[in-house]
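Each value in this text was obtained by applying a stated rule to the coordinates, not by laboratory testing. What you see is a predicted model, and the numbers here were worked out from it, not measured in a lab. Here the Cβ is made from the backbone with ideal geometry for all residues, glycine too, and neighbour counts use every protein chain on show.
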Amino acid sequence: MILLFLCKVPIYVSMAIAGCVLMMVTRGMKWGILTQYLYTGVDSFTLLSIPLFLLAAKLMNTGGITKRLFNFCMTLVGWLPGGLGHVNVLTSFVFAGMSGTAVSDASGLGTIEIQAMREQGYDNEFSCCVTAASSTLGPIIPPSIPLVVYATVSGASVGALFMAGIVPGIVMALIMMVVVSIYAIKRGYPRSKFPDGKTFRSSLRAGILPLLAPIILLVGIYGGVFTPTESAAIVVLYSLFLDVAMYHELTVKKFILLLRETVRDSVTIAMIISGATFFGYVATRARIPQMILATMTQLVSNKTVLLLVINLFLLIIGCFLETASAITIVVPLLLPLLQQYGINLTQFGIIMVLNLMIGLLTPPFGLVLFVVSKIGNISIGQFSKALIPWMFALFVALMVVTFIPQISLWLPTVLGMGI
């Protein structure tokens, strides 16, 4: 499979071929399972939310919702040292409550954020780094496409996972804002004036409707009005309402283009999940998870060491695999190990997604790295070097989430959700 990846064979094809080779080597499996598991991999009600969340993110970026969010966040925190850096982080935090993807954040908000920071005299490296780092909040704050995929593979509750991501997301945002402040004080970055009452009210009026979206989602899911999967449809309808009825910024031509892009992206994700599901089943039948468990049990002496080893493993995996394929391949292999050491599946979902988000910032396959590099017109080498302090900040957040389970589990426990 790794050899096929290096030869630039599509990920889903690589996993399917690797699964077939493994079947031939181990024998005893019927070829009928190939079609069966390619189909059952995507035959899930939970996965219906993925194309809807993708469409919602595209609607927000096209219809001007992101620009209104940016302006409102500018009023709230633009007066702090390194104002636009804080605005960048806060806007990503709010937008994460509607989109569920890091790439949508980086590509949609990133264009607005980097341009605004350039005009205010911020270094291009700093602007690109804070944009890329803050985009990792997208899949941690609910809703989250990677958490939906994780829930499908692991059997964990989608609702509990969504709620478990809120506090870690806040921790990540605060750590990033500390880094912004350090850079701002050191380099003397500008800040805006403290807003007066009139400016705040005007900004709030413009931003209140987009800000209601994450509130509607969280209250609806927690109140039992709709399921986490159905919440994706609510986001799409609400985004359409804002773009068409309130802001009048979405044309029929644009909408058809967005639908085409959504279908293309959704099919890509679905094919990756299909190939990974088949590979995961064959690997399980070949007793690979059991062999990993036996080896790890000999090498690992306690839960703390195990978590450190798994984090290191996931950080490496995140450098080479796309998020959905990494989750669908790795989770079935690690489940026996997690169960033996009593690691909570809800907490581990947040740990895993955070690891993979860090992977989106690292070469050779970091998608966010490439997107922001293109938007910011900065070389990959220069960008990767400048990202090192931000990677360290995210690693600190990862360690906090890993070794303080209450960070992830407190909110779903308080809300009475099954974890």
Leading residue at positive end of dipole, the chain (Cβ point charges), from Met23, Phe95, Phe370: Phe370
Computed E for Phe226/Leu204 - FRET, C-beta separation, R0 22 angstrom, nearest 0.05: 0.20
DSSP H segments from the chain that extend 30 Å or more along their own axis, Cα-based, with Kyte-Doolittle mean of -0.5 or above: 166-187, 197-222, 252-285
Candidate lysines for bridging to Lys67, where Cα separation is under 19 Å - those fewer than 8 sequence places away on the same chain excluded: Lys58, Lys254
Dipole magnitude of the stretch 119-273 about its Cα centre (Cβ charges: Lys, Arg +1; Asp, Glu -1), debye to nearest 20: 360
Histogram of C-alpha separations across the stretch 45-414, 20 Å bin width, %: 30, 59, 11, 0
Among Pro81, Cys319, Ala164 - extreme Cα towards positive end, dipole of the stretch 45-414, charges at beta-carbon: Pro81
Exposed-loop-free span, longest in the chain, where trypsin sites (Lys or Arg not before Pro) count as exposed if DSSP calls them loop and at most 10 other C-beta atoms lie within 10 Å: 194-419
Cα→Cβ-extended label distance, 7 Å offset, between Leu257 and Thr304, nm: 5.5
The stretch 1-36: chymotrypsin sites (Phe, Trp or Tyr not before Pro) in DSSP loop, at most 13 other beta carbons within 10 Å: Trp31
Top positive-direction residue, dipole computed over the chain with Cβ charges, set Phe392, Asn71, Tyr150: Phe392
Estimated dipole of the chain in Debye, rounded to 20 [Cβ of Lys and Arg +1, of Asp and Glu -1, Cα centre]: 260
Ascending count of other beta-carbon atoms within 10 Å, so fewest first, for Ile185, Ile407, Ile221: Ile185, Ile407, Ile221
